[in-house]
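Each value in this text was obtained by applying a stated rule to the coordinates, not by laboratory testing. A quick note: this is a predicted structure, and the numbers were derived from the prediction, not measured. Note that each Cβ is placed from the backbone with ideal geometry, even for glycine, and that neighbours are counted across all protein chains shown.
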Amino acid sequence: MERPQVQLLVTCLVDALAPQVGRAALAVLESVGCGVSYPEGQTCCGQPAFNVGLTEEAKRMAAHTLEVLDATEGPVVVPSGSCTEMIVHQYPALFAGTEREEQALRVSSRTRELTQFLVDDLDSGITASCGGCSVAYHHSCHGLRGLGLRDQAERLLRDVDRMPLEGAEECCGFGGLFAVEMPSVSAAIMDEKLDRVEASGADTLIGSDISCLIHLQGGLRRRGSDIEVRHIAELLAPPGT
Amino acid sequence: MSEPVSFLTRAETLLGTDEARAVDRGMRRMSASREAVMAELPWSEELRDRARSIRLHALSHLDRLLAQFADQITERGGRVHFASDAAEANDIVASILSSASARLVAKSKSMVSEEIELNRHLEAQGMEVVETDLGEYIAQLAGDTPSHIIAPVLHLTREDVGQLFAEKLGVPYTDDPIALNQVARERLREVFLTADAGVSGVNTAVAETGSLVIVTNEGNGRLITTAPRVHIALMGMERIVRSWEDASLILEVLARSATGQRLSVYTNVITGPRREGDPDGPEELHVVIVDNGRSDILGGPTAEILACIRCGACLNICPVFRTVGGHAYGTVYSGPVGSVVTPGLHGMDPWWDLPYASTLCGACEEVCPVRIRIPSMLLKLREVAASEGRLPGWLEKGMARYAKVAAHPSRWARAKRWAHRLSVLVSSRGWIRRIPGPARGWTRYRDFPRPVKQSFTEWWRSTRGS
């Protein structure tokens, strides 16, 4: 089957804090036969501003992102449920009734989260491998509840040694700027999650959203835990990427 | 900006306490029951769709339904009073009670009465008010406020209750729930028999027959609405549905969502006061329909929140509520629904920070029996708060600058380089242990990764670049 040419939107956090996830996403997409373009003007989707209520700032970033993406063609693939949800659901709402509405709808209809794209759109049959590690998977909320992604990661992880994680579908306490504005509450929720990650017996925590993962990894480091934290793309990429 | 006690301040006094642990345990138990009993119904999703449309229908026909409801009650010999705000509602209740020379008032659970602080008002007029819902009774004895709309003393353990009863009621200490229940039963029995008036809430009002539906698990609602001479029912003006068919569907999702029961133990239907030949029932029935800010909500961006049936499922599932408990919200309606309702009823001042007390995880919307889009309403209120200039200056200015930079890829690239360079001051081996400035809260509890030297964009450009 002919694989499409896709546009990779890595997200601002991956770009500046975790570029290895972007390289892994790129490698996965190429390994399943997609051509990958990278719209170089991409910056931030605007979600941080949107989530604190600063709508004008959010619109400014969203408009920029729309301009960048609308100049391209084919699926836009994002290794983050949260940013995907922003583009798919919030952009059309943000620009409803404005001259950008059409553009927002056009781009949102092309935008897909990475696991969703690999499983639902390509039915690629690809599975993750982890070289003998045991894996706990944390479902990030915006992918899970915002986009309805649940089985996609399960399918991708079917060949790795999975450790059941209690409350895998409960929030990790990140919540974007919530983690900075209400850090003690955020950390208390995180602690419960990390207790469960540790109790799962897994040596590797996997997720599909780098934002939650940075928060959890930062917390694990503070505990002195040696549990590794990785994005699912890193387990899907061919070895050596 | 005035600086009253914030959500965060209240939350921090509760974090990690026995109270918070008791809340977390209770909430997980209630959520699990809800899930089990909803899973019994293969059509639970359709049921929720119907419940939603019933409630939205009621909201969009509120004036007509309330008029019909009032006519029906009047026709059956009851009295209807409309109260525009808390003060008026309190005055109406007080004047009904004083015309009836009532001294002892027995109450069943009513969130509206908490909202308008009815007890305080009546007590100031020399009346004795006794809560008869077990949880509310305990809260009243303890001088405490309810921390959950369904389970008011969820934050207390049975040991707490045992000590309270020993201290306030002079009974020997026990933490056996059955024995404690028996103590409360005996005390309350006397109140049921001697009260001059009963004040109740209303779970659902039925427009077509003018009926009030009150559900309880303890039977206290039935006693206080039948034994005393006068029954006063308090209801928020939104608590109405069109028909019996609608009401029965709402009751079904209410019990399942609230307590994980198929139906509450007692479902009381009250249609008018005692009629000739009735063996019991009050001589007078008064229904006080309370606005108190609801009309404002109805005309605003969060109108849908009035579809709430007060089941509490969103509290039970909320990671923030579970972690801090209801008292952190500082108000009667807590948790996700409360964070929308409270600023709506009482204004953004000082409640504007409640909509920020959420991770926007969406679990509330996922369990809501009427599918209220709570996260998007929290976002709408955040938008209002931000537009009123309530955000801290660093956040507002910082975000404006961030947006400006993010709208220009070349500035963005420069900013990333600077972030990497500057972070050398606070980083060690790729991680930051202490962020200075307003984002310091992050590193109070977690490390933060150092911005990389070569961003993905730069890597792409150098290896694949056109």
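A helix-only calculation puts chain B at -15500 deg cm²/dmol for mean residue ellipticity at 222 nm, using -39500 (n - 2.57) for each DSSP H run of at least four residues, averaged over all residues. For the range A:134-236, the fraction of C-alpha pairs farther apart than 17 angstrom is 47 percent. Would you mind getting me the FRET efficiency between residue B:117 and residue B:176? Use the beta-carbon distance for r and R0 = 22 Å, nearest 0.05. That pair, residue B:117 with residue B:176, gives E of 0.05. Helix B:374-387 axis versus longest C-alpha principal axis of chain B: approximately 70°, rounded to the nearest ten.
Can you tell me how the range B:397-464 classifies by the Cα gyration tensor, rounded, prolate or oblate, using a/c under 1.5 as the rounded cut? If you can, show how the numbers build up before the last one.
Values: a/c = 2.64, a/b = 1.31, b/c = 2.01.
Verdict is oblate for the range B:397-464.
In debye, nearest 20, what is the charge dipole magnitude of the range B:327-466 about its Cα centre with +1 on Lys and Arg Cβ and -1 on Asp and Glu Cβ, if you could check?
Values: 23 positive and 9 negative charges, 248 e Å.
Roughly 1200 debye for the range B:327-466.
Residues within the reach of a label modelled at residue A:109 (point 7 angstrom out along Cα to beta-carbon, backbone nitrogen below 20 Å), restricted to the range A:44-86, are A:63, A:65-78, A:84-86. Can you count the Lys pairs in the protein assembly as shown whose Cα atoms are under 24 Å apart, with each pair 8 or more apart or on different chains? Count of close lysine pairs: 12.
Might you report the magnitude of the Cβ-based charge dipole of the range A:1-125 about its Cα centre, with Lys and Arg at +1 and Asp and Glu at -1, to the nearest 20 debye? So the magnitude is around 180 debye.
Could you compute the net charge surrounding residue B:425? Neighbours are other residues with a C-beta less than 13 Å from the C-beta of residue B:425; K and R count +1, D and E count -1. Taking every other residue near residue B:425 into account, the sum is +4.
Note on residue A:30 and residue B:67: their simple-model spin labels are 7.1 nm apart, each label 7 Å out from Cα toward Cβ.
Here the 3J(HN,Hα) profile of the range B:455-461, calculated from phi with Karplus coefficients 6.51, -1.76 and 1.60 at θ = phi - 60°, is 5, 4, 4, 5, 4, 4, 4 Hz, Gly and Pro shown as x.
Here, P(r) means the percent of Cα pairs in each 10 Å bin from 0 to the largest distance; for the range A:43-111 it is 23, 61, 15, 0. Fully extending the segment from residue B:296 to residue B:21 would add 95.4 nm, taking 0.36 nm per residue of separation and subtracting the current Cα-Cα distance.
Want the number for residue B:276 to residue B:166: 0.36 nm per residue separation, take away the alpha-carbon distance, what's left?
Values: separation 110, 0.36 × 110 = 39.60 nm, distance 4.46 nm.
Length gained, residue B:276 through residue B:166: 35.1 nm.
The distance linking the range B:137-178 with the range A:188-241 is 41 Å (Cα centroid to Cα centroid, whole angstrom).
For residue A:6, the residues whose amide H sits under 5 Å from its own are A:35, A:36, A:37, ignoring neighbours fewer than 5 places away on the same chain, with H placed 1.01 Å from N.
Taking the C-alpha atoms only, the angle from helix B:158-169 to the longest principal axis of chain B is near 40 degrees.
If I histogram all Cα-Cα distances within the protein assembly as shown using bins 20 Å wide from 0, what percent of pairs lands in each bin? Values per bin, smallest distances first: 17, 47, 27, 9, 0.
Report the relative contact order of the range B:43-292, percent, no decimals, based on alpha-carbon pairs under 8 angstrom and at least 6 residues apart. Computed value for the range B:43-292: 28 percent relative contact order.
Helix B:177-194 axis versus longest C-alpha principal axis of chain B: approximately 50°, rounded to the nearest ten. Within the shell defined by Cβ-Cβ distances under 12 Å, the residues around residue B:410 carry a net charge of +3, with Lys and Arg each +1 and Asp and Glu each -1. Normalised by the number of residues in chain B, the average gap of Cα pairs under 8 Å and 6 or more apart makes the relative contact order 20 percent.
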